[in-house]
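The values are calculated or read from the model by the stated rules, or taken from the named source; none is laboratory data. Model, not experiment: these values are computed from the prediction. Because the Cβ atoms are built from the backbone with ideal geometry, glycine has one as well, and the counts that use them run over all protein chains shown.
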Amino acid sequence: MTDYINQITALIPQGVREKVLGNSGRELLAAVTDTLVVFGDDLLHLETGQSEKLVNAAETNNLEATSVAPIKVETRNFAAIATAAKRLLNSTDTPRTLLLFLAPSEFAATQQDMLGMTGTNLRSAITLQRESILPACDDTLALATANENPTGRVIALWTRADQLSDLFDAFAQYGLTLAAIAPRILALPENTKPENLLDDDGIHTTFVRSHRGVLEQWLQIKNDELEEPAYAEQWQTEMAQFESEAMQRADKISSYTLTGSGSIEPAYTFFPAGSLAISRKAQRVRQFKLAAAIFSGILLVAASPFISQTLELQMATARLDSNRAMSVEAREDQAVVVDFENRWGPINDFPDQDVATAMFQLQEVLAGEQLSSLELSEGLIRIQGTSSDPQAILQRLEQDPMFTEVVFSRATSNTRYYIDLRLATVNFEAYIVRYFQDKT
């Protein structure tokens, strides 16, 4: 039934369909009643300017506790943030939908060159490169980025998906709906926000440059690292290029108190799965009503076999066009991955000869023997020297698992030897065949 409804609504032009059914992200932001900002160990309510200390939820059993110890906030302490929010909003039982701004340090920013890519293709290409962009992170990540950037240089924001869900669940325990989460540095209204903004909460310093709502640069450093001359010099070098431009500094909670109600582009907003589920449930209701109306219209005209056949043909054509469009995106995404592998494969897979380890191992095998010549090229080692027992040297090399194809390369006298051997872990022939077939 659901598939049939989707097929019917797919016949409607996308622009009209989005206006009728709505856009999940924009709907959630439009439904926001309260905006909260985490700064240090404070939680600020932008609409009223009131703030509440974040306290360790484990130290109090109810929201009315008056003697609690402030904590240096880690936004991982989701219960502390939710508790403070409940205290701020406890004056009414009206359902509240919240937009939460967290410290910029809770988000990772990456930059990719994606000239000509937009929308779904852009997000798919960035997602496919996630493991190479952030190889050290094994957690499931959520992505937020603008749909396009005229310069082709795209700033993508990442955060842990489980953090979004845990925050949503923590607020839900107090009857609050957490609709969206975003970096607080983006909380200033567009009409007062300059293109350059610096956020300093005493632990991290973050610099953001934007143009017409699109991020162009995101720099971040720990304040402790600024005490290191090398890091401080590098930071000053990066910031020097913006000295002549206007820059707004937010280094205390009052910097955000002056902003009033926060607004933000959906492109750089993260939506918890729970809030998306609520929005999509409402969309499904509207979709069902729309499909029912369309289906009723179809039934009215189905009395004419000719018109009925025409509608079936149009639906089949629409499905065919939809399948073609989906396959085009898949091929484009595949082409991006293949192109990436073709460009970086020869570098990433270049055989590592590990010369230092090989030399130490040879030294151990040839201990006490005289070596007059050594050559190493593409995994092949040629050695010459003198020994009272060359055959013993050959046998020791053959027994060492690090070496293979050990042979006398020339006629060997009683004392002088010429031996060729290969590193067992290096295979240049396979590398050449894989990446440079035209040169074999």
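Does residue 421 count as farther than 30 Å from residue 338 by Cβ, in a strand (DSSP E or B) and modelled with pLDDT under 85? So residue 421 fails the test. Tell me which residues, restricted to the stretch 383-408, are assigned to a helix (DSSP H, G or I) and either surrounded by 13 or more Cβ atoms within 10 Å (Cβ to Cβ) or touching a residue at least 24 places away in the same chain (Cβ under 8 Å) (or both). Of everything in the stretch 383-408, those that are assigned to a helix (DSSP H, G or I) and either surrounded by 13 or more Cβ atoms within 10 Å (Cβ to Cβ) or touching a residue at least 24 places away in the same chain (Cβ under 8 Å) (or both) turn out to be 390, 393, 394, 396, 397, 398. Kindly provide the set of residues from the stretch 110-148 that are polar (S, T, N, Q), within 18 Å of residue 186 (Cβ to Cβ) and touching a strand residue (DSSP E or B) at 6+ places or on another chain (Cβ under 6 Å), ordered by number. 110, 111, 145 - these are the residues of the stretch 110-148 that are polar (S, T, N, Q), within 18 Å of residue 186 (Cβ to Cβ) and touching a strand residue (DSSP E or B) at 6+ places or on another chain (Cβ under 6 Å). Candidates are the residues of the stretch 1-46 that are under 31 Å from the mean Cα position of the chain (by Cα) and among the acidic types (Asp, Glu); the one that is modelled with the lowest pLDDT is 18. With the condition kept exactly as written, say whether any residue in the stretch 125-139 is at pLDDT below 90 and closer than 20 Å to residue 100 by Cβ. Among the residues of the stretch 125-139, at least one is at pLDDT below 90 and closer than 20 Å to residue 100 by Cβ, which makes the answer yes.
Here are 347, 381: which of them is under 30 Å from residue 395 (Cα atoms) and of a type in the set (Val, Ile, Thr)? Steps first, please.
Details: 347 fails: under 30 Å from residue 395 (Cα atoms).
Only one candidate qualifies: 381.
The residue of the stretch 154-176 that is surrounded by the fewest Cβ atoms within 10 Å (Cβ to Cβ), among those that are closer than 13 Å to residue 140 by Cα and hydroxyl-bearing (Ser, Thr, Tyr), is 165. Looking across 386, 440, 412, one residue alone is more than 48 Å from the chain's Cα centre (by Cα) and at pLDDT below 85. It is 412.
Across the stretch 409-433, the number of residues qualifying as surrounded by 12 or more Cβ atoms within 10 Å (Cβ to Cβ) and either among the hydroxyl-bearing types (Ser, Thr, Tyr) or touching an Asp or Glu at 6+ places or on another chain (Cβ under 8 Å) (or both) comes to 13.
Take the conditions assigned to a loop (DSSP other than H, G, I, E, B), within 25 Å of residue 112 (Cα to Cα) and among the hydrophobic types (A, V, I, L, M, F, W, C) and apply them to residue 242. Does it pass? Yes: the conditions hold for residue 242.
Of note, residue 179 satisfies the criterion of being in the same structural domain as residue 217 (by TED's automatic domain parsing), closer than 17 Å to residue 265 by Cα and crowded, with 21+ Cβ neighbours inside 10 Å.
Go through the stretch 129-143 and give me each residue that's surrounded by 10 or more Cβ atoms within 10 Å (Cβ to Cβ) and among the aliphatic types (A, V, I, L, M). Passing the criteria: 133, 134, 141, 142, 143.
In a residue-by-residue description of the stretch 192-201, the property of being in contact (Cβ under 8 Å) with a residue 24 or more places away in the chain, in a helix (DSSP H, G or I) and in the same structural domain as residue 94 (by TED's automatic domain parsing) applies to no position. Of all residues in the stretch 93-128, exactly one satisfies the criterion of being among the small types (Gly, Ala, Ser), assigned to a loop (DSSP other than H, G, I, E, B) and surrounded by 14 or more Cβ atoms within 10 Å (Cβ to Cβ), namely 103.
Report whether or not residue 403 is among the aromatic types (Phe, Trp, Tyr) and either in the same structural domain as residue 124 (by TED's automatic domain parsing) or farther than 30 Å from residue 114 by Cα (or both). Judged against the criteria, residue 403 is a match. Scanning the stretch 276-290 for any residue that is at pLDDT 80 or above, in a helix (DSSP H, G or I) and under 30 Å from residue 212 (Cβ atoms) turns up at least one such residue. Residue check: residue 430 meets all listed conditions (1) part of a loop (DSSP other than H, G, I, E, B); (2) out of contact with any Gly (no Cβ under 6 Å at 6 or more places or on another chain); (3) within 30 Å of residue 340 (Cα to Cα) but one, namely (1).
Taking the stretch 400-440 as the range and being touching a helix residue (DSSP H, G or I) at 6+ places or on another chain (Cβ under 9 Å) and among the polar types (S, T, N, Q) as the test, the residues that pass are 404, 412, 413, 414, 415, 440.
Residue 259 meets the conditions (1) modelled with pLDDT of 75 or more; (2) among the β-branched types (Val, Ile, Thr); (3) in a loop (DSSP other than H, G, I, E, B) in every case but one. The failed one is (1).
Using the structure shown, decide if residue 380 is of a type in the set (A, V, I, L, M) and touching a residue at least 24 places away in the same chain (Cβ under 8 Å). Spell out how you get there, then give the answer.
Numbers: of a type in the set (A, V, I, L, M): yes; touching a residue at least 24 places away in the same chain (Cβ under 8 Å): yes.
So residue 380 passes the test.
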